[in-house]
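J.: Here's a structure for you.
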Amino acid sequence: MENSVCSLEARHIPAIQEILNEVIQNSTAVYYYEPLDIDFIKKWFHRKMKDGYPIIGILDNRDHLLAYGTFGPFRNWPAYQHTIEHSIYVHRDHRGEGLARKLLASLIQIARERKYHTMIAGIDATNIASKKLHQSFGFESCAYIRHAGYKFGKWLDLEFYQLLLEE
């Protein structure tokens with residue numbers, strides 16, 4: 001079914017790479033400098049699957065990936081096991097269509113079902129659309145790190161948003 005959220009499979013790896021690399025090259029949503037090669041994405045994908053983390057996406061009626069999202073550990077220390085950090089990326093031709101909203105709703109639902117306590121989003125401080133999206137789901141700004149990254153010849157500020165999944 002078009003525009004419904006589904007679990008992604010290894011056959012979607014090239015489309016994931018395409019979406020992510022466009023974001024890397026043209027935005028500050030990801031603090032990488034260079035595009036990621038297919039082997040890196042394959043290892044990332046299979047590690048997520050092995051560790052039991054979701055990789056979900058939205059496909060069109062021709063099975064083309066329009067957007068994807070995932071979550072994983074916030075930090076790899078035992079006391080953080082109840083906290084996850086998520087990410088969502090939308091293909092450049094499909095931004096503004098509500099796909100990120102669908103993916104975020106699904107990731108929150110999956111996180112609640114799996115009994116996580118806290119969900120974190122690290123958002124470039126200039127990404128107003130992402131901040132508004134997260135606020136609409138109840139995420140609250142919880143940290144602001146000035147000059148956390150450097151890309152495109154300027155310092156980047158990173159803002160963390162938090163959602164308590166159970167209170």
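J.: Can you spot a residue in region 82-95 that is more than 23 Å from residue 133 (Cβ to Cβ) and surrounded by fewer than 17 Cβ atoms within 10 Å (Cβ to Cβ)?
T.: So in region 82-95, the residues more than 23 Å from residue 133 (Cβ to Cβ) come out as 82.
If we keep only those that are surrounded by fewer than 17 Cβ atoms within 10 Å (Cβ to Cβ) too, we end up with 82.
The answer is yes, given that some residue of region 82-95 is more than 23 Å from residue 133 (Cβ to Cβ) and surrounded by fewer than 17 Cβ atoms within 10 Å (Cβ to Cβ).
J.: Determine, yes or no, whether residue 17 is of a type outside the set (A, V, I, L, M, F, W, C), closer than 26 Å to residue 128 by Cα, assigned to a helix (DSSP H, G or I) and under 15 Å from the mean Cα position of the chain (by Cα).
T.: Details: of a type outside the set (A, V, I, L, M, F, W, C): yes; closer than 26 Å to residue 128 by Cα: yes; assigned to a helix (DSSP H, G or I): yes; under 15 Å from the mean Cα position of the chain (by Cα): yes.
Here the answer is yes, as residue 17 does meet what is asked.
J.: Identify, by number, the condition in (1) in contact (Cβ under 8 Å) with a residue 60 or more places away in the chain; (2) under 22 Å from residue 122 (Cα atoms) that residue 25 doesn't meet.
T.: Going through the list (1) in contact (Cβ under 8 Å) with a residue 60 or more places away in the chain; (2) under 22 Å from residue 122 (Cα atoms), residue 25 breaks only (1).
J.: Any chance region 134-157 includes a residue that's surrounded by 19 or more Cβ atoms within 10 Å (Cβ to Cβ), within 21 Å of residue 20 (Cβ to Cβ), at pLDDT 95 or above and within 12 Å of the chain's Cα centre (by Cα)?
T.: Looking only at region 134-157, we keep the residues that are surrounded by 19 or more Cβ atoms within 10 Å (Cβ to Cβ), and these are 134, 139.
Among the residues that remain, those that are also within 21 Å of residue 20 (Cβ to Cβ) are: 134.
Subset that is at pLDDT 95 or above: 134.
Then drop every residue that is not within 12 Å of the chain's Cα centre (by Cα), which leaves 134.
Within region 134-157, one or more residues are surrounded by 19 or more Cβ atoms within 10 Å (Cβ to Cβ), within 21 Å of residue 20 (Cβ to Cβ), at pLDDT 95 or above and within 12 Å of the chain's Cα centre (by Cα).
J.: To continue, here is another question. Can you find, within region 15-53, the residue that is surrounded by the most Cβ atoms within 10 Å (Cβ to Cβ) among those that are polar (S, T, N, Q) and in contact with a strand residue (DSSP E or B) (Cβ under 9 Å, 6 or more places away or on another chain)? Lay out the reasoning, then the answer.
T.: Taking region 15-53 and keeping what is polar (S, T, N, Q), we get 17, 21, 25-28.
From what is left, the residues that are in contact with a strand residue (DSSP E or B) (Cβ under 9 Å, 6 or more places away or on another chain) are 27-28.
Details: 27: 15, 28: 19.
Going through the qualifying residues, I end up with 28.
J.: Between a residue in region 75-88 that is closer than 12 Å to residue 163 by Cα and any residue that is part of a strand (DSSP E or B) and at pLDDT 95 or above, which pairs come within a Cβ distance under 6 Å, given they are 6 or more apart or on different chains?
T.: Listed pairs, sorted by first residue: 83/118; 84/71; 84/119; 85/120; 86/71.
J.: Given the structure, is residue 56 part of a helix (DSSP H, G or I), without any contact (Cβ under 8 Å) to a residue 60 or more places away in the chain and buried (at least 18 other Cβ atoms within 10 Å of the Cβ)? Outline the logic, then answer.
T.: Working: part of a helix (DSSP H, G or I): no; without any contact (Cβ under 8 Å) to a residue 60 or more places away in the chain: yes; buried (at least 18 other Cβ atoms within 10 Å of the Cβ): yes.
So residue 56 fails the test.
J.: Could I ask something else about it? Can you tell me which residue within region 1-14, out of those that are part of a helix (DSSP H, G or I) and without any contact (Cβ under 8 Å) to a residue 40 or more places away in the chain, is surrounded by the most Cβ atoms within 10 Å (Cβ to Cβ)? Before you say what the answer is, go through the steps one by one.
T.: Just the residues of region 1-14 that are part of a helix (DSSP H, G or I), to begin with: 10-14.
From what is left, the residues that are without any contact (Cβ under 8 Å) to a residue 40 or more places away in the chain are 10-11, 13-14.
Numbers: 10: 11, 11: 9, 13: 18, 14: 13.
Residue satisfying both the conditions and the ranking: 13.
J.: Give, as residue ranges, the strands (runs of 3 or more DSSP E) completely inside region 85-167 that count at least 1 residues that are farther than 24 Å from residue 75 by Cβ. Before the answer, list the steps.
T.: Working: elements: 118-124, 140-151, 154-164.
So the answer is 154-164.
J.: Of the residues 110, 38, only one is out of contact with any helix residue (DSSP H, G or I) (no Cβ under 7 Å at 6 or more places or on another chain) and β-branched (Val, Ile, Thr); which? Can you show your working first?
T.: Details: 38 fails: out of contact with any helix residue (DSSP H, G or I) (no Cβ under 7 Å at 6 or more places or on another chain).
Result of the check over 110, 38: 110.
J.: May I ask you to say which residue of 107, 103 is in contact with a His (Cβ under 6 Å, 6 or more places away or on another chain) and buried (at least 18 other Cβ atoms within 10 Å of the Cβ)? Break it down stepwise before answering.
T.: Working: 103 fails: in contact with a His (Cβ under 6 Å, 6 or more places away or on another chain).
On inspection, the qualifying residue turns out to be 107.
J.: Test each condition in (1) within 25 Å of residue 138 (Cα to Cα); (2) part of a loop (DSSP other than H, G, I, E, B) for residue 79 and report the one that comes out false.
T.: Exception for residue 79: condition (2).
The values are calculated or read from the model by the stated rules, or taken from the named source; none is laboratory data. Just so it is clear, the model here is predicted, and its values are computed rather than measured. Positions of Cβ are backbone-derived with ideal geometry, glycine not excepted, and every protein chain shown enters the neighbour counts.
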